[in-house]
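Below is one structure; the comments refer to it alone.
The values are calculated or read from the model by the stated rules, or taken from the named source; none is laboratory data. Small disclaimer: the values here were computed from a predicted structure and weren't measured. Please note: Cβ atoms are built from the backbone with ideal geometry, for glycine as well, and neighbour counts cover all protein chains shown. Heads up: the accessible areas ignore ligands, DNA and RNA and are worked out on the full protein's heavy atoms, side chains in. Shrake-Rupley method; radii C 1.70, N 1.55, O 1.52, S 1.80 Å.
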Amino acid sequence: MKLCYSPTSPFVRKVVISAKEAGLFDQIETYGGDTSDIFKGINPENPLGKVPSLKLDSGDLLFDSLVICEYLDGLSDSVTLLPGSGIERARVMTLHALADGMTDAAYQRRMDSAAMPEGEGSPSWNARLRVAMESGLDQLEQQAADFGDDLNIGTIAVACALGYFDFRFSAENWRGGRPNLTAWYERFSARPSMQETVPPEA
Ligand SMILES: N[C@@H](CCC(=O)N[C@@H](CS)C(=O)NCC(=O)O)C(=O)O
């Protein structure tokens, strides 16, 4: 299996953490995208231009990150990252949707300010996206005490969102007034899969 990869992408990080936790990472070869023309995206094999994608020996190209994680989960004997059915699955998938939505809002803000031509960004849209990040953090603070030591696609996505906020938006101090989420993240970050996937300094 071949993973189109960027070490700074929080969506790629979610896939790599899932693969490591599932004991499958040594079966995956990684290769970089093409960043020579960001207006074409960074992954020529994916019509959406995005990383991650996973190329299988059968020739199939899987995307996006959740599809890849679900596929890897199905291959693993050691963990269940996406529970089978019913309300248990719906809760985990809703937590994943919240965390991924927050990550996407942060990523859109980052691209708007750092990658697009000077002066083209929209301050109003930026403010709207920031509200999604902040409201999501407030919601996670309510839930974090119940996360315990749960390892699933929801908690992995939350950790990737918070890691990305630290990486790109540290000045906004997501920890402020959110002690439960802070304590949970400290514990979860000690996992080897988290330590081994910290994004490099830009
Ligand atoms: N929903 C997608 C989001 C992937 C995504 O936004 N990837 C970013 C990197 S963090 C990307 O490839 N951006 C390049 C572009 O859109 O041009 C997923 O979960 O895989």
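For this structure, a couple of remarks:
- Normalised contact order of region 2-75, rounded percent, pairs of Cα under 8 Å and 6 or more residues apart: 37
- Surface accessible to a 1.4 Å probe, Asp64 within the full protein complex, Å²: 90
- When you restrict to C-alpha pairs under 8 Å that are six or more residues apart and normalise by the size of region 51-127, the relative contact order lands at 12 percent.
- Choice from Trp125, Trp174, Trp184 showing the highest fluctuation, given a GNM over the chain with Cα pairs closer than 10 Å: Trp125
- Membrane-span-like helices in the chain, defined purely by DSSP H runs whose alpha carbon atoms cover 20 Å or more axially and whose average Kyte-Doolittle hydropathy reaches 0.0, are 153-168.
- Using C-alpha pairs under 8 Å with a sequence gap of at least 6, the mean separation divided by the residue count of the chain gives a relative contact order of 24 percent.
- For region 4-55, the equivalent ellipsoid derived from the alpha-carbon gyration tensor has semi-axes of 22, 10, 8 Å in decreasing order.
- The eigenvalues of the Cα gyration tensor, multiplied by 5 and square-rooted, give region 1-98 an equivalent ellipsoid with semi-axes of 24, 16, 11 Å from largest to smallest.
- Taking all protein chains as they are arranged and a probe of 1.4 Å, the heavy atoms of Phe39 leave approximately 150 Å² accessible to solvent.
- Here Thr94 sits with roughly 90 square angstrom of accessible surface, probe radius 1.4 Å.
- Projected over every direction and averaged, the convex hull enclosing the alpha-carbon atoms of region 86-192 yields 7.3 nm².
- Summarising the label geometry, the points placed 7 Å from Cα in the beta-carbon direction at Gln143 and Val79 lie 1.8 nm from one another.
- Inter-label distance for Thr30 and Ile87, nm, one decimal - labels placed 7 Å from Cα along Cα-to-Cβ: 3.9
- Convex hull volume per residue in cubic angstrom - Cα atoms of the chain: 131
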